[in-house]
Amino acid sequence: MKCPFCSHLEDRVVDSREGREGLVIRRRRECLGCKKRFTSYERIDEITYRLIKRDGRREPFERQKLMAGLLKACEKRTVATKSLEEIADEVESMLQDSPDKELSTEKVGAHVMVRLRDLDKIAYVRFASVYRRFEEPSDFLQELKGLLDQKQAERHREP
């Protein structure tokens, strides 16, 4: 590796540590020319995961975009960020397991809605209103009716 200080091409690794859940290896190096230390990072080339939009376009999957939508749906709610990160992790796992490394936004949205429905009903309705493109108050009422029906069914199942 080329030294950033003197451009010497020989160095020795002083320390190696795993970072970011095994996705990165951080190495401390010492230049054999000038004896200064520097850090290098080793990463695996990431596969580009894609989402198939409703109109057929394909876009790269952006975890930050998914997290932003989840955080917006959970705004002013008592939902732990860790729970939302778990949902994003699940979506990434779905993409990794997909043979083509791509998924439809319908499949991703449906998974996210199921998880949000179990996590926080208000966040679920907020997310559903954007995902399903609610345009009328009746759209909200229909979704809320479905939640209430589900809650009543759960009460009847309890011993």
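The values are calculated or read from the model by the stated rules, or taken from the named source; none is laboratory data. What you see is a predicted model, and the numbers here were worked out from it, not measured in a lab. A quick note on method: Cβ atoms are made from the backbone with ideal geometry, for glycine too, and the neighbour counts reach across all protein chains shown.
For this structure, a couple of remarks:
- Residue selected from region 111-159 under the condition in contact (Cβ under 8 Å) with a residue 12 or more places away in the chain and of a type in the set (Val, Ile, Thr), by the criterion farthest from residue 94 (Cα to Cα): 122
- The set of residues from region 98-145 being among the β-branched types (Val, Ile, Thr) and surrounded by fewer than 13 Cβ atoms within 10 Å (Cβ to Cβ) comprises 114, 130.
- Look at region 28-40: where a residue is part of a strand (DSSP E or B) and a partner is of a type in the set (Val, Ile, Thr), sitting 6+ places away or on another chain with Cβ atoms under 8 Å, you get 28/13; 28/14; 28/39; 29/13; 29/14; 29/39; 30/14; 37/14.
- Looking across 91, 79, one residue alone is in the same structural domain as residue 121 (by TED's automatic domain parsing), in a helix (DSSP H, G or I) and not aromatic (Phe, Trp, Tyr). It is 91.
- Restricting region 75-97 to residues that are closer than 17 Å to residue 128 by Cβ and under 15 Å from the mean Cα position of the chain (by Cα), the residue that is surrounded by the fewest Cβ atoms within 10 Å (Cβ to Cβ) is 87.
- Scanning region 87-99 for residues that are of a type in the set (D, E, K, R) and touching a residue at least 12 places away in the same chain (Cβ under 8 Å) yields 90, 92.
- Contact annotation: residue pairs with Cβ atoms under 7 Å, 6 or more positions apart or on different chains, pairing a residue in region 55-68 that is assigned by TED's automatic domain parsing to the domain that holds residue 81 with a partner that is assigned to a strand (DSSP E or B) and of a type in the set (Asp, Glu), are 58/102.
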